[in-house]
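Report on the following structure.
The values are calculated or read from the model by the stated rules, or taken from the named source; none is laboratory data. Source: prediction; values computed, not measured. Note that we place each Cβ from the backbone using ideal geometry, even for glycine, and neighbour counts take in every protein chain shown.
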Amino acid sequence: STLGASAAEQGGRYFGTAVAVNRLNDSAYTTILNREFNQVTAENEMKIDALQPNQGQFNFGNGDRLVQHARSRGMQVRGHTLAWHSQQPGWMQNMSGTTLRNAMLNHVTQVATHYRGQIAWWDVVNEAFQDGSSGARRDSNLQRTGNDWIEAAFRAARQADPNAQLCYNDYNIDNWTDAKTQAVYRMVQDFKNRGVPIDCVGLQSHFTGGSNYPSNYRTTLSSFAALGVDVHITELDIRNAPSDAYRNVVNDCLAVSRCKGITVWGIRDSDSWRSNESPLLFDGNGNKKAAYNAVLTALNSG
Ligand code: G3I
């Protein structure tokens, strides 16, 4: 009768949401959160700029509040994100070379150590590849420290929290034939071949809806899974929330045993980063939308 409970009955999967910690004071918001979801991701509060605003000075307050809210209610927590070109604090944006590499690795180590044992999955590295046809890494200050920065981050995370599942997370890796998808696939394949500690791939899945829902999405999920990693749908939202697209996403996840769960990127349309597109499962008044019913039905019939 709820998204989380129905997902749990599908092989122990989860159905989660991004949470903005300041909204935990909004009882309408928290009522839906606590009723429907069994997994949470901090929308912004565990990003680098939030956790280490000044070098060496960590601010875990908001992240801790979310972890406490979730774990006291049996919700699993996805950590988002240890290393990213965006949302870096000013002091890090201006760094380069070995200084930046060491600061990034220290951040990974300090944060993963602080949350050791409390995080089910870490987005260790977020959005490191370019869009378009190149299949190349995204240029960034982190990338300019050397191509091995991603594996260095994964190794540091594994050392700091050996029981967390370590994920690579990105957007526009949903369509199997896209160059970006293929490039991430080859990186994961290479990491598995060389023993770099990676456990999962997160497909953000910010869809624009209609024909933009890739008909080969299930192939993408199963192809990553065949490399020996779990797959997670980590930031789902779909422009105008068409019921058929939401239903397809759920059915595609349920068809792949290594697809462990789905996280929507916010609760009500008014909470969304793209609120003008009404992309979520609840309207601004907290009412269930048609897409909610489509998702729940798909979860129950999978
Ligand atoms: O909290 C400040 C507030 O104090 C200030 O007055 C206000 C003025 O702009 O900004 C507020 O911070 C904003 C923050 O959201 C909280 O609302 C930031 O400017 C804004 O940039 C930030 O946007 C977030 C964005 O990531 C930043 O990269 C979105 O909420 C968040 O939904 C979005 O999430 C990302 C994932 O992390 C990665 N994948 C894509 C996804 C969507 O862009």
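Summary table below
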{"read-out": "Long-range neighbours under 7 Å by Cβ, at least six apart or interchain, first residue within 15 Å of residue 105 (Cα to Cα) and in a loop (DSSP other than H, G, I, E, B) within the range 80-93, second charged (D, E, K, R) and within 7 Å of the ligand (Cβ to nearest atom)", "value": "85/127"}
{"read-out": "Unique match (being closer than 20 Å to residue 161 by Cβ and basic (Lys, Arg)) among 78, 73, 35, 23", "value": "78"}
{"read-out": "Enumerated helices (runs of 4 or more DSSP H) restricted to the range 149-249, each holding at least 1 residues that are without any contact (Cβ under 8 Å) to a residue 24 or more places away in the chain and surrounded by fewer than 24 Cβ atoms within 10 Å (Cβ to Cβ)", "value": "179-194"}
{"read-out": "Neighbours by Cβ (under 6 Å, 6+ apart or cross-chain): first from the range 24-52, farther than 30 Å from residue 85 by Cα and at pLDDT below 95; second surrounded by fewer than 16 Cβ atoms within 10 Å (Cβ to Cβ) and aromatic (Phe, Trp, Tyr)", "value": "none"}
{"read-out": "Residues of the range 253-302 classified as polar (S, T, N, Q), within 14 Å of the ligand (Cβ to nearest atom) and buried (at least 18 other Cβ atoms within 10 Å of the Cβ), total", "value": "2"}
{"read-out": "Scan of the range 60-85 for residues that are within 16 Å of the ligand (Cβ to nearest atom) and under 15 Å from the mean Cα position of the chain (by Cα), ordered by number", "value": "77, 78, 79, 80, 81, 82, 83, 84"}
{"read-out": "Output for the range 86-106, where each listed residue is within 16 Å of the ligand (Cβ to nearest atom) and buried (at least 17 other Cβ atoms within 10 Å of the Cβ)", "value": "88, 89, 92"}
{"read-out": "Test result for residue 131, surrounded by fewer than 18 Cβ atoms within 10 Å (Cβ to Cβ), under 20 Å from the mean Cα position of the chain (by Cα) and within 16 Å of the ligand (Cβ to nearest atom)", "value": "yes"}
